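What follows is a short report on a single structure.
Derivation of every value follows stated rules applied to the coordinates shown; laboratory data play no part. What you are looking at is a predicted structure, and each value in this text was computed from that prediction instead of being measured. Because the Cβ atoms are built from the backbone with ideal geometry, glycine has one as well, and the counts that use them run over all protein chains shown.
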Amino acid sequence: MSELRAENLSKSYGATKALDGVNLTVSPGEFLVVMGPSGCGKTTLLLTILGVLRADEGHVYIDGKDIDDLPIGERNIGYAPQDFGLFPHLSTYDNVAFGLRVRGFGRSEVDARVKALLSLVGLEGLEQRKPSELSGGQKQRVALARALAIDPCLLLLDEPLSNVDEATKAEVKANLRETMRRTGVTTVCVMHDPEDALELGDRIAVMYMGRVIQCGTPRELVENPGGEAVRRLLHHG
Amino acid sequence: MAGAFILFMLISLFYLYVAVGSSWSLVARALLNSRILGALWVSVSAAFIVGALAIGVAIPTAYVLTYSEFRGKSLIETLLIEFPQTFPPATVGLVYLLMLGPGSPINIAYTYPAVIVAKLYVSAPFALSFTLRRFREIHGMGLDIIAESLGGKTRHVLLWVLIPLSTIDLLGGFSLTWARAMGEVAATLIFAGAIPWKTEIFPAVVYLTSQSEETKSLALAASLIAAVLSIVALMLFRWIVGRRR
């Protein structure tokens, strides 16, 4: 379990400030939900932490170590994008095994870990299915298992429930909560639905126009929303 | 409009069939003619080699063009993809003849490798264009970033993600490169000449035999053989692509 600290992160696309001095600390094992309206910089924040984007200013620390110059592959951060990003040519098993194989794990170790992870996310029996043969909820679980396979110090989830149909959403959410509880990995999760955020997050960071305008527990946010933007967001998403 | 265009595109092939149709023994004669067989061999083998080489160079080049940012990238892309398709093939042949011909430190003029070099310059842009488009598409999907975040190095991204997800496009690129290499004549003729069984390619032998009244019908029969061969090969490529899809 690791601690994540984002310090004064700023990132601009031309004249648009996607991140404007973001400060954030996520404690070891904590599940932090980042919420905010479209275009407020949530995904930019995730991609900057992941290392795809480089901040114009500020730093990202994991366990106190500045990781700004570390390539993506050396950060050991698990990432599941909004569309799940499953490799379409690989089976469920091979998707989950990908990170272990590139890291040179032996066949039996890969097998044991993949089976354990598929069991954890409740996907036993679907090992040979291709992503095109899976439902939205199942894809989300494969993406989660794949991100967890590398034993990451940090997990980044971008809208994990947005491509899941309403019928299975409750089940997927329960599975997500249980998986995070059992693995205890520090997680930053972008969500737009306030109901999901309040239900899943240990804490919620509310972003607005590139800034974190309030960060607190679901209870703190509900009982004491810091301004009209937070209140509106909690009521309308 | 569509019907008129389809007719326009097919009528020459139909005419070729009708013209030869009066004497099928000509086709048999052409198939037994050593010069025509030699030209067929040079053309078909060179087209396969050029197709394979083009894919071999297109993959690393497309990777660099997808993932590297450098000054003049757009110009380099134009010079690698669009320009060779508009640069007159005769000029290409002439440039190679001066650069790699008699009097230069490396002289491969009028050899089989010269056939490959000339055809590769003219045809490889098709393979590169297909590969580059697909690599950029995959990059846009972010699958390479996922692979990297999981610890994948360049070789893993290339061999485990980009290439497997590009097989249809690579086959398509190979197929068009092959077709273009089969049809290319001017650059090859100038740089490699027309030595039977060595550098004489099919379009050259058709042109040369069609100049004499005695062998004109033979040229016609040979053209029909080449057309059938190309259609069969291209349909085969299309079938393979369809199966993989």
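Less than 17 Å from a label point 7 Å out along the Cα-to-Cβ axis of A:R181: which backbone N atoms in the range A:101-126 qualify, by residue? What the label zone holds, given the 17 Å backbone N cut-off, is A:120-122. Length available on full extension from A:R54 to A:R107: 0.36 nm per residue minus the Cα-Cα distance, which gives 15.5 nm. Note on chain B: the C-alpha convex hull projects to 17.0 nm² when averaged across all orientations.
Shape summary of the range A:149-211, radius of gyration then Dmax from alpha carbon positions: 12.3, 34 Å. Could you identify which residue out of B:S34, B:S223, B:S212 has the top mean-square fluctuation in a GNM of chain B using Cα springs shorter than 10 Å? Looking only at B:S34, B:S223, B:S212, the largest GNM fluctuation is found for B:S212.
Spacing of the modelled spin labels on B:T86 and B:V228, each 7 Å from Cα toward Cβ, amounts to 4.0 nm. Rounded to the nearest 0.05, what FRET efficiency is calculated for B:F48 and B:L79 with R0 set to 22 Å and r the Cβ-Cβ distance? With R0 = 22 Å, the Cβ-Cβ based efficiency is 0.25.
Of B:W197, B:W178, B:W160, the sequence from fewest to most neighbouring Cβ atoms within 10 angstrom is B:W197, B:W160, B:W178.
Over the range B:142-181, the hull volume per residue, using the convex hull of the C-alpha atoms, is 63 Å³. For B:A62, neighbours were defined as the other residues whose beta-carbon sits under 9 Å from its Cβ, and their charges (Lys and Arg +1, Asp and Glu -1) total +3. What is the log10 of I(q)/I(0) for the range B:142-245, computed with the Debye formula using one identical point scatterer on each Cα and no solvent, at q = 0.15, 0.17, 0.23 Å⁻¹? Here the Debye-derived log intensity ratios amount to -0.77, -0.86, -1.15.
Its alpha carbons give the protein assembly as shown an Rg and a Dmax of 30.2, 100 Å. The share of alpha-carbon pairs in the range A:102-229 lying farther apart than 22 Å comes to 43%.
Applying Stokes-Einstein at 20 °C and 1.002 mPa s to the Kirkwood radius of chain A, computed over alpha-carbon pairs, gives a translational diffusion coefficient of 118 µm² s⁻¹.
Between A:V222 and B:S68, the simple spin-label model (points 7 angstrom out along Cα→Cβ) gives 5.6 nm. Based on a Kirkwood Rh over C-alpha pairs, give the Stokes-Einstein translational diffusion coefficient of the range A:10-130 at 25 °C and viscosity 0.890 mPa s in µm²/s. Translational D for this selection: 145 µm²/s. With the simple model of a label 7 Å out from the Cα in the direction of the Cβ, A:S162 to B:R136 spans 2.5 nm. Available extension along the chain between A:K130 and A:E195 is 20.3 nm, counting 0.36 nm per residue and deducting the alpha carbon span. Where both bridge residues fall in chain A, DSSP classifies roughly 55% of the beta bridges as antiparallel. Kirkwood radius, the range A:87-151, all distinct C-alpha pairs, inverse of mean reciprocal distance: 11.4 Å.
Within the range B:38-95, the proportion of C-alpha pairs whose separation exceeds 15 Å stands at 66%.
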